[in-house]
Amino acid sequence: MRYLRHILLLALLGSAWSSPVLALGGMTELNYMDQEAAGGGYVTRYLVTARYLRLDFGRDRDDFVLFDRKERRVYSVNNDKQEILVFEPGIVQVKPPQKWEIKEDILENKASEIRVDLVVNGTVCSRIAASKRFLPDVAKALLEFQELMAATQSNTYLATPVDQRDDCDLARLILAPQYWFKYGMPFDEVRVSGFSRRLLHYEADVAVRPKAFELPENYHRISLKDVQGIAK
């Protein structure tokens, strides 16, 4: 039933899928309902322009993460602490385990939708519904973000006790994030952890709100590379 609802939603979107998504100076906004296995749902919002990707919880005044696609830096803004944590490109320190296999099981392949299981070492890590016609530049921006953050994620992975490491997270966050966008921008996802995500609303070619992409000038900036010694 979940996928049926999304098929109906996407049918209503109609020709907007094949039209240019990011017009010059335009912005695309997406809102997802995210839910952890044991917890209530919450909104995750993406604001995307040709230069920026902003992630927040649905309001401009929220704490937010800003990815500068041109400068290739990520900024995590904490308003309560008036701090900005800065992430820069680095070297992924993790190598694939000796046993390492990623497979894709196509469950449904239509012109408007592909449903696929992403399988890592025999575990179905994610079941995704996506379309290559749906917001391709947003998918590109999110993949760029994931690839930049892979070095930071690899340091976190190495600091995690061996018995708590997870092959699905290793693939999605570090070694193979491209698989999660291979079939286009996901509009529905369920992970083996119990986490689920579904598209609530999107709007393309929204008027840009420049202040949404501005970093507070008076906040203290902290380089994660300096704090944790992440290699360039």
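For this structure, a couple of remarks:
Here's the yes/no breakdown for (1) touching a residue at least 40 places away in the same chain (Cβ under 8 Å); (2) farther than 30 Å from Thr160 by Cα; (3) in contact with a Pro (Cβ under 7 Å, 6 or more places away or on another chain):
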{"residue": "Pro96", "(1), (2), (3)": "yes, no, no"}
{"residue": "Glu101", "(1), (2), (3)": "no, no, no"}
{"residue": "Leu107", "(1), (2), (3)": "no, yes, no"}
{"residue": "Arg115", "(1), (2), (3)": "yes, yes, no"}
{"residue": "Val119", "(1), (2), (3)": "no, no, no"}
{"residue": "Thr123", "(1), (2), (3)": "yes, no, no"}
{"residue": "Ser131", "(1), (2), (3)": "yes, yes, no"}
{"residue": "Pro136", "(1), (2), (3)": "yes, yes, no"}
{"residue": "Phe145", "(1), (2), (3)": "yes, no, no"}
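- Index of the failed condition, Met185 passing every other in (1) of a type in the set (A, V, I, L, M, F, W, C); (2) more than 13 Å from the chain's Cα centre (by Cα); (3) buried (at least 17 other Cβ atoms within 10 Å of the Cβ): (2)
- Taking the stretch 59-149 as the region of interest, the strands (runs of 3 or more DSSP E) fully inside it that hold 1 or more residues being within 25 Å of His220 (Cα to Cα) are 64-68, 73-78, 83-87.
- Of the residues making up the stretch 21-57, those that are modelled with pLDDT of 95 or more, in contact with a Ser or Thr (Cβ under 9 Å, 6 or more places away or on another chain) and either charged (D, E, K, R) or assigned to a loop (DSSP other than H, G, I, E, B) (or both) are Asp34, Thr49, Asp56, Phe57.
- Looking only at residues of the stretch 147-168 that are surrounded by 18 or more Cβ atoms within 10 Å (Cβ to Cβ) and within 13 Å of the chain's Cα centre (by Cα), we find that the one that is nearest to Val119 (Cα to Cα) is Ala150.
- Residue pairs whose Cβ atoms lie under 8 Å apart, sitting 6 or more positions apart in sequence or on different chains, and linking a residue in the stretch 151-164 that is touching a residue at least 24 places away in the same chain (Cβ under 8 Å) to a partner that is of a type in the set (D, E, K, R) and part of a helix (DSSP H, G or I), are Tyr157/Asp169.
- Among the conditions (1) surrounded by 15 or more Cβ atoms within 10 Å (Cβ to Cβ); (2) of a type in the set (Asp, Glu); (3) over 26 Å from Leu135 (Cα atoms), Asp56 misses just one, which is (3).
The values are calculated or read from the model by the stated rules, or taken from the named source; none is laboratory data. These figures come from a predicted structure and were not determined experimentally. With ideal geometry, Cβ positions are generated from the backbone for all residues, glycine too; neighbour counts draw on all protein chains shown.
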